[in-house]
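Below is one structure, written out as structure tokens, with a few remarks after it.
The values are calculated or read from the model by the stated rules, or taken from the named source; none is laboratory data. Remember, it's a predicted structure, so these values are computed and weren't measured experimentally. Virtual Cβ from ideal backbone geometry, glycine too; neighbours counted across all protein chains shown. Protein only, heavy atoms only, side chains kept; ligands, DNA and RNA dropped before computing areas. Shrake-Rupley method; radii C 1.70, N 1.55, O 1.52, S 1.80 Å.
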Amino acid sequence: MLYNKTSYLTNSCFSFLNINHCFNSGIDWNHTEYGKLWTYNLNYFDFLNQENITSKEGKFLIYDYIKKANERIDGKEPYTISLRGINWIKFISKRKINEEAINRFLYNDYQRLLDNLEYHLLGNHLLENGFSLLFGSFYFRDEKLYSNAKRIIQKELKEQILEDGGHYELSPMYHQIILFRILECYNLIISNKWKDELEQLLKDTALRMLEWLQSITFDNGEIPYVNDSAFGIAPPSKELIAYAKRLGLNAHKGVLSESGYRKFEFNGFELLMDVGHISPSYQPGHSHADSLSFILHVNKTPIFIDTGVSTYENNTRRAYERSTRAHNTVTVQGKDSSDVWGAFRVGKRANVNILKDEKKIIKAIHDGYNNIGCSHERSWMIDDNDSLVIEDRIGSSTGVFNLIISPSINKILLNDKSVFIDGVILEFEGYLSSIQMEEIGVSNEFNIVENTRKILVEFYDSLNTRIRYLNKQDTL
């Protein structure tokens, strides 16, 4: 079985988003102590399909939920209905449970979903509505559920999956989630001889998404935690690829293009660059103000990382994690390149123009600072010595290059013009005063923040940064 997190700890105890909670006097399906996302996870019922749960335990949880149906709040929302519906169907089908009370409740939820499809949100929410309706239609052999599922899936896959195979919200985590669901739906269709009109679309889409996923996944198996991405939410790339192979779907690395990501792989360096737009323009809730940022791994070790995501709550931490200074790019006057606000909102946003897109050089410019009289142009280049050269230009302004160091790095040394980090050296030309370093918090999991350090390099007009392996003659 694929990707089985242990979320139900028995005896009405649950673990979501790295927070454990036991209900001592009955399960409160509306429990809000840990924020809305925790409550959502409680209502998704993913735990029904973890390996160690018994049929008796699963049925107890389902019937407890049915008994308290009138008390539901978040559980009535179409997104939670969608995920819960899939999880219930998978559980009762595998365990050969066919009970009228469960079927009636499940069917009524699908009628509620039909009346509340998430066209107001679109994006992954509407796709999940469609996927769930497909599961419901196969389970109940219901033509109305199927026709709605087919219409949503056909339209939204065309809209949401870009030509290079990336999901248009540009979050590798949500890409993994959507790919997993597509593989599940494909498996559903080929395993049940009822309707097959979506089979080829799901197959072709899965193959494109697998190509993109393999291109963007680092050699150590991690996805880049860019935009709203975190560890432990979606099935890992390795498991998705293995699942696809079991379904007869094999794909190689693709070419990154429309999604706005680029990747250099050379001499042990893996550099992921962001030269894309805020996307999608009409629903950018999972986007960050990270134009022209990058992530660097050297010999499978993360060196420079994204700050990551620890919360979806509308608070100061969420605001910081989406801000420009929380990414490996340039801030000017402390401003964000795009106006991220609220928990899932973006106002004025940077437009990115790619100037060069070649094997050894990527150059792009964004206009996110045009309201303060400048633009940010950045190039990444592999030179003849297999060094990485980054050039930043902002014109007649003062900026700060932010570089976030992985918390796994222990050895960091600074001198007048260089930084030494675990076998590599960074050399700067054009900086003002001294290179600074400050303590910050980063996260690649919800509700976990680790201490690390950030390098800040102030410069006027332009800055050149060279990253290379240490030589014997380099003085620490």
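Just name the residue that is farthest from LYS158 (Cα to Cα) out of those in region 249-263 that are open to solvent by 10 Å² or more (accessible area, probe 1.4 Å) and part of a strand (DSSP E or B).
Ranking the candidates gives LYS263 first.
Evaluate region 68-91: report whether one residue or more is at pLDDT 95 or above, open to solvent by 10 Å² or more (accessible area, probe 1.4 Å) and closer than 19 Å to CYS13 by Cβ.
Yes; the residues of region 68-91 include at least one that is at pLDDT 95 or above, open to solvent by 10 Å² or more (accessible area, probe 1.4 Å) and closer than 19 Å to CYS13 by Cβ.
Taking region 132-167 only, how many residues are within 19 Å of the chain's Cα centre (by Cα), in a helix (DSSP H, G or I) and within 15 Å of LEU202 (Cβ to Cβ)?
3
Identify, by number, the condition in (1) touching a Gly at 6+ places or on another chain (Cβ under 6 Å); (2) hydrophobic (A, V, I, L, M, F, W, C); (3) open to solvent by less than 10 Å² (accessible area, probe 1.4 Å) that ILE303 doesn't meet.
(1)
Restricting to region 36-65, give me the number of residues that are under 21 Å from the mean Cα position of the chain (by Cα) and open to solvent by 10 Å² or more (accessible area, probe 1.4 Å).
Residues flagged as under 21 Å from the mean Cα position of the chain (by Cα) and open to solvent by 10 Å² or more (accessible area, probe 1.4 Å) within region 36-65 amount to 6.
Tell me whether region 405-414 contains one or more residues that are open to solvent by less than 10 Å² (accessible area, probe 1.4 Å), of a type outside the set (Val, Ile, Thr) and over 26 Å from ASN227 (Cα atoms).
Checked against the condition, which is being open to solvent by less than 10 Å² (accessible area, probe 1.4 Å), of a type outside the set (Val, Ile, Thr) and over 26 Å from ASN227 (Cα atoms), region 405-414 yields no hits at all.
Among the residues of region 99-125, which ones are in a helix (DSSP H, G or I), touching a residue at least 12 places away in the same chain (Cβ under 8 Å) and either under 13 Å from ILE81 (Cβ atoms) or touching a Ser or Thr at 6+ places or on another chain (Cβ under 7 Å) (or both)?
PHE105, LEU106, TYR107, ASP109, TYR110, ARG112, LEU113, LEU114, HIS125
For region 276-289, what are the residues that are open to solvent by less than 10 Å² (accessible area, probe 1.4 Å) and over 14 Å from LEU162 (Cβ atoms)?
GLY285, SER287, HIS288, ALA289
Can you tell me which condition ASN444 does not meet? The list is (1) modelled with pLDDT under 95; (2) open to solvent by 70 Å² or more (accessible area, probe 1.4 Å), and all the others hold.
So the condition that ASN444 fails would be (2).
I'm told GLN111 meets every condition in (1) over 16 Å from LYS144 (Cβ atoms); (2) of a type outside the set (Ser, Thr, Tyr); (3) open to solvent by 10 Å² or more (accessible area, probe 1.4 Å) except one. Can you identify the failing condition by its number?
The one condition GLN111 does not meet is (1).
State whether the residues of region 316-327 include one that is modelled with pLDDT of 95 or more, part of a loop (DSSP other than H, G, I, E, B) and either among the basic types (Lys, Arg) or open to solvent by 30 Å² or more (accessible area, probe 1.4 Å) (or both).
Scanning region 316-327 turns up no residue that is modelled with pLDDT of 95 or more, part of a loop (DSSP other than H, G, I, E, B) and either among the basic types (Lys, Arg) or open to solvent by 30 Å² or more (accessible area, probe 1.4 Å) (or both).
Look through ILE394, ILE412, ILE362, ILE405 and report the one residue that is aliphatic (A, V, I, L, M), within 20 Å of GLY430 (Cα to Cα) and in contact with a Phe, Trp or Tyr (Cβ under 8 Å, 6 or more places away or on another chain).
Sole residue among the options that is aliphatic (A, V, I, L, M), within 20 Å of GLY430 (Cα to Cα) and in contact with a Phe, Trp or Tyr (Cβ under 8 Å, 6 or more places away or on another chain): ILE394.
Say whether the condition of being within 26 Å of LEU134 (Cβ to Cβ), crowded, with 18+ Cβ neighbours inside 10 Å and in contact with a Ser or Thr (Cβ under 6 Å, 6 or more places away or on another chain) is met by at least one residue in region 240-248.
No, there is no match, as no residue in region 240-248 is within 26 Å of LEU134 (Cβ to Cβ), crowded, with 18+ Cβ neighbours inside 10 Å and in contact with a Ser or Thr (Cβ under 6 Å, 6 or more places away or on another chain).
Given the options LYS195, LYS150, LYS203, LYS158, name the one that is free of Cβ contacts under 8 Å to residues at least 12 places away in the same chain and open to solvent by 10 Å² or more (accessible area, probe 1.4 Å).
Just a single option satisfies the conditions, and that option is LYS158.
Go through (1) touching a residue at least 60 places away in the same chain (Cβ under 8 Å); (2) surrounded by fewer than 19 Cβ atoms within 10 Å (Cβ to Cβ); (3) under 30 Å from the mean Cα position of the chain (by Cα) for ASP392 and report which single condition fails.
Looking at each condition in turn, ASP392 falls short on (2).
If I ask for residues that are closer than 30 Å to ASN451 by Cβ and either free of Cβ contacts under 8 Å to residues at least 12 places away in the same chain or surrounded by fewer than 17 Cβ atoms within 10 Å (Cβ to Cβ) (or both), which ones from region 336-376 would you list?
ASP339, TRP341, GLY342, ALA343, ARG345
Just to be sure, is GLU169 under 30 Å from ASP274 (Cβ atoms), of a type outside the set (S, T, N, Q) and in contact with a helix residue (DSSP H, G or I) (Cβ under 8 Å, 6 or more places away or on another chain)? Spell out how you get there, then give the answer.
Values: under 30 Å from ASP274 (Cβ atoms): yes; of a type outside the set (S, T, N, Q): yes; in contact with a helix residue (DSSP H, G or I) (Cβ under 8 Å, 6 or more places away or on another chain): yes.
So GLU169 fits the description; yes.
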